[in-house]
1. Output the residues belonging to the stretch 148-164 that are surrounded by fewer than 16 Cβ atoms within 10 Å (Cβ to Cβ) and farther than 22 Å from residue 31 by Cβ.
2. If you take the residues in the stretch 115-147 that are farther than 20 Å from residue 30 by Cα and modelled with pLDDT of 95 or more, which one is surrounded by the fewest Cβ atoms within 10 Å (Cβ to Cβ)?
3. Inside the stretch 135-151, can you point out the residues that are in contact (Cβ under 8 Å) with a residue 60 or more places away in the chain, under 20 Å from residue 57 (Cα atoms) and part of a loop (DSSP other than H, G, I, E, B)?
4. For residues that are over 9 Å from the mean Cα position of the chain (by Cα) and either assigned to a loop (DSSP other than H, G, I, E, B) or within 23 Å of residue 195 (Cβ to Cβ) (or both), tally how many sit in the stretch 34-46.
5. Exactly one condition in (1) surrounded by fewer than 16 Cβ atoms within 10 Å (Cβ to Cβ); (2) within 15 Å of the chain's Cα centre (by Cα); (3) at negative phi is false for residue 76; which is it?
6. Name the residues in the stretch 152-166 that are on the phi < 0 side of the Ramachandran plot and not in a helix (DSSP H, G or I), would you?
7. Restricting attention to the stretch 98-116, does a residue exist that is farther than 21 Å from residue 32 by Cα, touching a residue at least 24 places away in the same chain (Cβ under 8 Å) and more than 17 Å from the chain's Cα centre (by Cα)?
8. Pick from the stretch 167-197 the residues that are touching a strand residue (DSSP E or B) at 6+ places or on another chain (Cβ under 6 Å), part of a loop (DSSP other than H, G, I, E, B) and in contact (Cβ under 8 Å) with a residue 24 or more places away in the chain: which of them is surrounded by the most Cβ atoms within 10 Å (Cβ to Cβ)?
């Protein structure tokens, strides 16, 4: 169940994008899967193609450092940094930020191009998920059609490993909607219009996760 204090983010999203009201519960349910992953020390693995590849890196960027809320390291870790190197450690203690681990599977050019060239183009995300993923993680597959072959191959590996699958698609949902634990299908079918609605949704997820793990208790 979503904490009461996190509803401010969902409410703002609905106010700014009322077209998303019919999928409000799906957005919440997808968030709860990610929250559970991080509560259990898991990570988020994200993949998509084209604009959705850029979204994958965007999401990781919001989770691996501050989005809006400061995320200072603990005093205990700050002391360890200074003990290792008083000068550099003090600087790092001031500037390092706590992360929610997120890996964009689109970002490893040497690995991905080698696998595409040597083995299988459609299996590139599946290979990375098999290497990086562990039971309890979450795979976020972004596909405007819901039918991206490399994303769908990754869902097979995810399910075999015990990794939850969240889909972010257009209105039709495609094959991804059939296998995802939760699929958020935005009410558009034109690719660029779908992508325009994906961004505020994943921003909302990132805000809620940051508030949950780094906000005032």
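The values are calculated or read from the model by the stated rules, or taken from the named source; none is laboratory data. Worth saying up front: this structure is predicted, and the values here are computed from it rather than measured. Cβ placement follows ideal geometry from the backbone for every residue including glycine, while neighbour counts extend to all protein chains displayed.
1. Answer for the stretch 148-164, where residues must be surrounded by fewer than 16 Cβ atoms within 10 Å (Cβ to Cβ) and farther than 22 Å from residue 31 by Cβ: 149, 156, 160.
2. Here the answer is 131.
3. 137, 143, 144, 148, listed by residue number.
4. 3
5. (2)
6. Residues satisfying the conditions are 163, 164, 165, 166.
7. The answer is no; no qualifying residue exists.
8. 180
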